[in-house]
1. Rounding to the nearest 10 and keeping the result within 0 to 90°, find how far the Cα-based axis of helix 349-364 lies from the longest principal axis of the chain.
2. In terms of Cα to Cα distance under 22 Å, which lysines are near enough to K256, apart from those fewer than 8 places away along the same chain?
3. Could you size up the charge dipole of the chain around its Cα centre, putting +1 on the beta carbon of Lys and Arg and -1 on that of Asp and Glu, and report it in debye to the nearest 20?
4. Peptides 141-154, 311-324: what's the order by average Cβ count within 10 Å, highest mean first?
5. Kirkwood hydrodynamic radius, region 138-181, all distinct C-alpha pairs: what's the number in Å?
6. Compute the projected area of the convex hull of the Cα atoms of region 249-351, averaged over all viewing directions, and report it in nm² to one decimal place.
7. Could the peptides 302-308, 87-93 be put in order, highest first, of the mean number of other beta-carbon atoms found within 10 Å of their residues?
8. How big is D for the chain, in µm² s⁻¹ as a whole number, if Stokes-Einstein is applied with the Kirkwood radius of its Cα pairs at 4 °C and 1.567 mPa s?
Amino acid sequence: MMSILWLVLSLVFIMFLAYKGYSTIITAPIIALITIVLTTGVSGHLMANYTEVYMAGFAGFIKNYFPLFMTGALFAKLMEELKYAESISNFITRKLGENNAVLAVVLSGALLTYGGVSLFVVAFILYPIASMLFKEADIPKRLIPGTIALGAFTFTMTALPGSPEIQNVIPMKYYGTDTFAAPLIGLCAAAIILVLGMSWLKYRVKSAAKMKEGYGNHHDNFTKNHTKELPGIIRSIIPVLIIFATNFFFSKVYYKYVDGSYLKAYNTTLSSVSGTWSVIIAIVTADLFMIITNFKKLNNIKAVLDKGVTNSFRPLINSSAIIGYGSIIKALPAFASIQSFIFNISSNPIISEALSVNLICGLTASASGGLEISLNALAATYLKMSQSLNISPEVMHRIASLSSGGLDTLPHNGAVITTLAICGLTHKESYKDIFVTSVVIPIFTTAVIVAAVALI
């Protein structure tokens, strides 16, 4: 019991330090090693655990996902540099009008993240647009973070089939699936999250209007962009369509007819890697399309590429640090007790997976980190359990992805802190709406989907 208590306290402490703004790159290995001492005593072999366990998990995540982080960051930078992302947002807001300011921001964020733009980049892009729209509609500025969260942190990240976001990619290697896994479940979940999220935000807007609370006295120095200065919507959306179409072709058509027997020499199978390969090829194709068709417009292509690659490092290393920490936790004897507790909650692998992924994502404050830790430790067992119950791997993929998008956005989550900083608001002012749109509603939706699937 004491070992479990120390383990839980270490998780609480790493959350506390993250909330205070300390980098997990520094805190994760230190707390992991302290946890070893507290749970195993001086026989913990600190240096062996650091180099052989922590760094093995750290390096393993980079090995598996560096291409996705790098190509995705390049895509986001090119979309930003060419003003394609801004053009898409501008088009949606113009078509919907200021009376639908909240919906315009949500749909803009959804389209950008579904197209592969990092949610951190989306927050930077959307804030000036949201600020102008909310000011014109006299909607409180404090509702902007919750609105951005609904569009960027929820259904496009975990539910929509075909999404290239990392939370939809990680389960593929464990279940031999692709990003389009269980499309009907994903679409139903996305619809529930969107409808409930918009209902909440509309309720908040109406409540503020009754109280005669307007935008507020904020010093925002944004001016509307003239549409002449932005590229056309067709040109802007083509890269997004390229990712979707290319990913669909390779994952659903091409690799279905490829002989993957040669991969035995690499100790893997085609079903384990084809999904990831499809996403990488899709994003690279979109990147090359933007570079080739805009070569003359990109005044300093080297600087753009360098910046894009650099932008991928911080989130990748942060996630890897959490994975390393999780590798240490997973190796502790106390983790076996926690794992047993999770399994004993339910013999149904769908319920057990939903609970374990959500809890670990909450403890690590990272959807990708928590998902990787959970599946790395438990996916093989869940796969065997699901096969005995005739539950398809695609369903397990979708439930895992959905479950990663609940407790991950607690107050110490990096995306939450970044979004609030971009908007110039505090947790006290705006976190309530982030919590409802990106924690409460996704967890409720996952529970509904899990219950429905478990009963079928």
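1. 70 degrees
2. K173, K264
3. For this selection, approximately 660 debye.
4. 141-154, 311-324
5. Answer for region 138-181: a Kirkwood hydrodynamic radius of 11.8 Å.
6. Quarter of the Cα hull surface area: 11.2 nm².
7. Going by the mean number of other Cβ atoms within 10 Å, highest first, we get 87-93, 302-308.
8. 57 µm²/s
Here, each number is a calculation from the coordinates, and none is a lab measurement. Note that the structure is predicted; figures quoted are calculated from it, not measured. Reconstructed Cβ throughout: ideal geometry from the backbone, glycine too, with neighbour counts over all protein chains shown.
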